[in-house]
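A quick write-up on the structure given underneath.
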Ligand code: NAP
Ligand code: FER
């Protein structure tokens with residue numbers, strides 16, 4: 001193929017909040033698929049908070065990227081060539097691929113996508129990794145019961161928006177934290193949460209919780225950490241469960257700030273705090289995705305996507321996650337399907 005392949009590579013390890021000079025858009029030859037590989041053209045690319053972690057050297061649940069590496073992420077794409085990969089040109093697939101126009105990948109690392117079941121973008125959002133994170137984090141880790149109070153941070157985001165709705169389906173009272181009035185309106189009016197607190201315009205989180213969650217907090221789904229979590233810990237009920245999903249408020253910190261220490265609250269409340277990774281639940285992904293799909297189909301589950309146009313704008317889309325620019329799942333639209341299978 002003579003066309004150019006644009007590939008985003010890590011230009012340097014950012015310190016603190018990343019800036020554009022951490023990303024280099026290289027122009028390269030479109031690669032040829034090796035034996036057992038397919039060449040995939042990117043249609044949608046997911047940008048996710050965990051990518052910040054992969055930009056730093058040091059221990060994490062995922063391998064750090066080396067400077068010069070292609071950035072990688074969830075992609076929905078179209079097979080344009082297959083060298084014995086078990087796919088045909090025109091097939092739609094999903095996998096962990098480069099931030100690029102084209103990536104080669106072994107067939108075994110690609111999952112077929114039926115393009116007629118749901119919009120392709122949903123495979124990276126409500127029906128993909130973030131939706132599954134919300135599903136297992138809510139139902140298996142936080143486990144709110146009917147009548148209990150469930151609190152979720154990052155409530156208007158990809159994971160939080162789904163988590164709160166799933167807790168509502170379980171019969172819980174659901175309270176969110178989000179970073180703008182527009183998000184609060186979305187969460188309360190479109191997602192049906194019982195209350196949502198704008199943490200950027202609220203000084204006293206504990207007083208806000210006393211109003212929004214007057215019976216205390218039985219299950220807490222934490223996407224954010226920091227001062228909001230400090231406040232929620234002081235309002236946990238006896239036997240509360242805390243699902244630690246993410247701590248985005250600290251992902252750009254070079255040193256974790258020493259905040260008020262709230263672990264003593266867990267003693268008197270006999271609370272359980274459990275961190276989890278969505279991949280822990282991989283054997284159950286297919287069943288869970290089908291259930292999420294049914295709820296979307298029936299209207300029980302609403303989703304929103306923020307779609308940035310063009311591969312060149314992928315760094316902006318990623319950096320926007322840390323500024324709260326997205327409502328629902330943040331995606332990058334790279335290309336339209338060319339072939340139909
Ligand atoms: P997201 O919520 O769609 O986007 C990130 C949101 O975080 C932003 O929109 C912003 O919303 C909020 N935020 C950014 N900086 C913040 C700060 N300093 N304080 C409070 N809120 C802040 O992202 P997502 O993909 O759904 O991920 C949500 C969390 O889940 C992340 O922490 C992520 O790492 C974690 N996660 C974990 C797993 C797992 O397996 N454990 C899987 C997926 C995701 P506001 O406008 O409300 O500030
Ligand atoms: C995240 C996205 C995904 C994250 C963790 C994961 C902690 C987990 C991935 C896995 O299970 O491998 O933002 O933040």
> Scanning region 322-341 for residues that are within 11 Å of ligand 1 (Cβ to nearest atom) and touching a strand residue (DSSP E or B) at 6+ places or on another chain (Cβ under 6 Å), which turns out nearest to residue 160 (Cα to Cα)?
Replying inline: 328
> Only one of (1) within 16 Å of ligand 2 (Cβ to nearest atom); (2) surrounded by fewer than 19 Cβ atoms within 10 Å (Cβ to Cβ); (3) modelled with pLDDT of 95 or more fails for residue 329. Which number is that?
Replying inline: (2)
>> Quick check on residue 68: is it surrounded by fewer than 19 Cβ atoms within 10 Å (Cβ to Cβ), without any contact (Cβ under 8 Å) to a residue 60 or more places away in the chain, more than 14 Å from ligand 2 (Cβ to nearest atom) and under 19 Å from residue 253 (Cα atoms)?
In response: no
> Considering region 235-283 alone, what residues qualify as being away from ligand 2 (no atom under 13 Å from the Cβ), under 16 Å from residue 177 (Cα atoms) and either outside the structural domain of residue 208 (by TED's automatic domain parsing) or part of a loop (DSSP other than H, G, I, E, B) (or both)?
Replying inline: 235
> Of the numbered conditions (1) at pLDDT 95 or above; (2) in contact with a helix residue (DSSP H, G or I) (Cβ under 8 Å, 6 or more places away or on another chain); (3) surrounded by 13 or more Cβ atoms within 10 Å (Cβ to Cβ), residue 313 satisfies every one except a single condition; which is it?
Replying inline: (2)
> Any idea which of 221, 281 is more than 20 Å from residue 60 (Cβ to Cβ) and buried (at least 17 other Cβ atoms within 10 Å of the Cβ)?
Replying inline: 221
> Exactly one of (1) free of Cβ contacts under 8 Å to residues at least 24 places away in the same chain; (2) more than 11 Å from ligand 1 (Cβ to nearest atom) is unmet by residue 242. Its number?
Replying inline: (1)
>> Name the residue that is nearest to ligand 1 (Cβ to nearest atom), counting only residues in region 166-185 that are in contact with a helix residue (DSSP H, G or I) (Cβ under 8 Å, 6 or more places away or on another chain) and farther than 16 Å from residue 323 by Cα.
In response: 176
> When the residues of region 153-176 are filtered to those that are more than 17 Å from residue 304 (Cα to Cα) and surrounded by 21 or more Cβ atoms within 10 Å (Cβ to Cβ), which remaining residue is farthest from ligand 2 (Cβ to nearest atom)?
Replying inline: 173
> Does residue 74 satisfy being within 11 Å of ligand 1 (Cβ to nearest atom) and not assigned by TED's automatic domain parsing to the domain that holds residue 248?
Replying inline: yes
> Is at least one residue of region 98-114 surrounded by 24 or more Cβ atoms within 10 Å (Cβ to Cβ), more than 12 Å from ligand 1 (Cβ to nearest atom) and within 16 Å of the chain's Cα centre (by Cα)?
Replying inline: no
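The values are calculated or read from the model by the stated rules, or taken from the named source; none is laboratory data. Source: prediction; values computed, not measured. Every residue, glycine among them, receives a Cβ derived from its backbone with ideal geometry; neighbour counts consider all protein chains shown.
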